[in-house]
Structures are given as structure tokens and as C-alpha cells.
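Working notes, beginning with the structure itself.
The values are calculated or read from the model by the stated rules, or taken from the named source; none is laboratory data. This structure is a prediction, so every number in the text was calculated from the model and none was measured. Counting neighbours? That spans all protein chains shown, and the Cβs are built from the backbone with ideal geometry, glycine included. Remember, those area values only see protein heavy atoms, side chains included, never the ligands or the DNA or RNA. Shrake-Rupley method; radii C 1.70, N 1.55, O 1.52, S 1.80 Å.
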Number of protein chains: 4
Amino acid sequence: MLNSSYQACIQACSNCALVCETCAASCLREDDVKMMARCIELDRDCADMCAIAAVLMTRDSAYAKAFCKLCAQVCRDCAEECGKHQHDHCQACAEACRKCAEECEKMAA
Amino acid sequence: MLNSSYQACIQACSNCALVCETCAASCLREDDVKMMARCIELDRDCADMCAIAAVLMTRDSAYAKAFCKLCAQVCRDCAEECGKHQHDHCQACAEACRKCAEECEKMAA
Amino acid sequence: MLNSSYQACIQACSNCALVCETCAASCLREDDVKMMARCIELDRDCADMCAIAAVLMTRDSAYAKAFCKLCAQVCRDCAEECGKHQHDHCQACAEACRKCAEECEKMAA
Amino acid sequence: MLNSSYQACIQACSNCALVCETCAASCLREDDVKMMARCIELDRDCADMCAIAAVLMTRDSAYAKAFCKLCAQVCRDCAEECGKHQHDHCQACAEACRKCAEECEKMAA
């Protein structure tokens, strides 16, 4: 395949994008939505960034590395916010974001 | 999780989106790009449709079923076109599209 | 241009996507987030659908008409929900969604 | 509105995304597709980057500035490549990319 050396990072980004979407949608259905507002904001940015990161790596784009550097930062911020909340979807999201940040940092290195 | 009954279809769509991106990018680097033009067109539409299908299911959206019905049709067309070409990336794409079409048809049923 | 007959619908979809993103982000910063949860859900689906509709038309895709038919339905639902709320961003979003639904219905006809 | 100070850049990015999609789709239908392969690659990356840039600014995201800095670079590269080709869609794309790069550079400053 075009991009075999990026596979771990592509999978981490692709997974993180969907886990962030799940977290945002689940937060919106919690009773305490107000308390989850910052989490939802970060989930949406992180989901969109990770989805594009996966696409750029899949295309073997010249911008993949620079993009992953920025994506790692969003993942770190999202992991920190999600980690504050005890909902299962937030804890799962924090873990996916940390894993994705590590892979993106390796890519960008 | 929000969407556990959709997991097989979400994974098929998410995978198909990336395999279509790979196929389009690989086709663009083949010598016979002209012959691959229709394949690239379909890959792009299929990649974008599958990516959104995965997101809508992940969100447990009310539009997921109707969307998957349309997505299945694009996947079938893309599988047919990719299946005509002997490049490995085209054959891999045809298979991912067929698998995704089946899952989307189950979702839409 | 490739797609000159679609220009009105492309512009309506492109505008609606951004107005829905603005509405969702603004709803998340309101005091009564809980009351806005359904509005945010619909804004997100509508934004993503409209963005892809604009892209498919721009590419002169064979799937543009079928997609616009589905997009029109999401726009109608989003317009109805947004129309219930007095926030300026909701009223602006309801209007953009109605306009977009009309253009998508013309495209799909 | 949430993001009134970003309007010029949002419009430039939103427009550039669609003009890049048009250029890629038009290049794929030219006789000399092979010669246009690099143009298509850059159009796709630029379209996706500009679309996300517009969304992040529309949401008033904390990552909008950093993202626009990267987006400006892709726009500059795409403008340079498109500028080499005499097709109307390439010339129109080069102009949209230059305009977008300028707005993104102002945003990132």
C-alpha cells in the first residue's frame, strides 16, 4: 500500500475521530449538558482534525507531518478535558486521544 | 456505547473511506492516469460518502439509515469500476466497497 | 465552470453549512445548553450534509441529485427546530436552512 | 455573530475549498490528466484544509490561528502549481488560493 509506514497513526486517528464523535453525541444526551459544553467543543475540533489527519496520511500527503503535529496538540487538550469527567464515553475518549497524540507525535518527529 | 448495534457498518464505512482515498491517491501516481480517471472520481465520492456515513451512525443520527441506503449505491458503483482494473489498490478497493455496500444495505433495511 | 447550473444550490449549501456550525457553537455557549441539545444535534448533521452536498455538486457528481433530496429533508427538520428558539443564531440558522431546503428540492426535482 | 472578525477569511477559505474541488474535477476530465496529476493532488489537500479552516473559524475554535498558518502554506503551494497550467479552472484556482493564503496569513499573524 501507498502508506504502510503510517498505518498505526492512521488507525489511531481514524479511531479517535469516531470516539470523539461518540463522546460529543453522548455528552449532548447527558443531564448535565452545561457541564459538558467544553468537552463537546473539543470533541468536535478533535474529531475533525483527526479525520483529516487520517486522510492526509492515507494520501501520503506532503502536509501529513505538519498536520499531525497540530493534531497531537488538539488530542492532548481533548484528553485532558475528557479525563475530568467520569462518564464512560469521556474516559474512553480521553484514552483514544492520548493514544492518538502519541502516534501523531511520532509521525511529526 | 451509544451505537453498539452499528459497529460492523461503522467499521466497514470507516475502512472503505480510507481504502478509497488510498486508491485515488495511488491511481494518480500510475502511468495510465487517464484510464483511471473514472476510478478516481468514484473513489472520491465514495470516500466522502462513507466517511459521513460512519459519522452519522456514530452519532446515532436519525438520518443514518437513509444515508446508508444512498452510500450503498455509491459503494456498488465504485466496486464495479475498481473491479475492472488490475492494480492491487483497485482490487483492494473493490473488495472494501463490496463489504461496505453489504453492511450499508443491512443498515438501511 | 464545470457546474454553472448548480451555483445557486452550491452557494445555499455552502452558506447553510457554516451558519449551522455557527449556531451549534453559539448554542454550546448559551446558559440554557440543555434546552438547545436537539438544536445542536440537528445543526451538526445539517452542517455535514450541506458541506458534502456542495462538494458533490461542485464535482458534478452523479450522486448530487439523490444527495440533495436527502439534504433537503435534514434542512427542513433543522429549520423547524431552530425556528422554535429566539436566539439570533437560531433564527438566522432557520432562515439559511429553509433557503437551502428550497434550493436542494429544486436540484432534486 | 460569534465570529464576525473572521468573516473575510472564512469566506476566502470556503470559496477556495469549492474552487479547488472544481479544479480537481475539471482536471480529471482533461485530455492531459497525467500532466495534471500533481495539480489534482494539491487541489484535494487544499480543498480539505480550507474547508476545515472555515469550520474552525466559524466555531471560534482555539486552533483556528495555528490551523490557518498551515492552510496558508498549502494554498501557496497549490497556487504555484495551478498557476503553471493554462486551463481556466487552474487559473481561477490559482487566484482563489492566493487570495485565501493572504487572508490566512493575516489570521495567523
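Side notes on the structure shown:
- Only residues that are over 9 Å from the mean Cα position of the chain (by Cα), without any contact (Cβ under 8 Å) to a residue 24 or more places away in the chain and within 15 Å of D:Arg44 (Cα to Cα) were counted in the range D:74-93, giving 1.
- First in the range A:39-65 and within 17 Å of A:Asn15 (Cβ to Cβ), second anywhere and of a type in the set (Ser, Thr, Tyr) and assigned to a helix (DSSP H, G or I), Cβ under 7 Å, 6 or more apart: A:Ala54/A:Ser14; A:Met57/A:Tyr6; A:Thr58/B:Thr22
- Candidate set from the range D:1-15 (those that are more than 8 Å from every other protein chain (Cβ to nearest Cβ) and open to solvent by less than 50 Å² (accessible area, probe 1.4 Å)); member that is farthest from C:Ser4 (Cα to Cα): D:Tyr6
- Odd one out for A:Leu18 among (1) open to solvent by 20 Å² or more (accessible area, probe 1.4 Å); (2) in a helix (DSSP H, G or I); (3) over 30 Å from C:Asp32 (Cβ atoms); (4) facing chain B (nearest Cβ under 9 Å): (3)
- Of all the residues in the range C:52-76, those that are farther than 30 Å from D:Cys23 by Cβ and more than 8 Å from every other protein chain (Cβ to nearest Cβ) number 1.
- Taken over the range A:21-36, the criterion of being within 13 Å of chain B (Cβ to nearest Cβ) and part of a helix (DSSP H, G or I) is satisfied by A:Glu21, A:Thr22, A:Cys23, A:Ala24, A:Ala25, A:Ser26, A:Cys27, A:Leu28.
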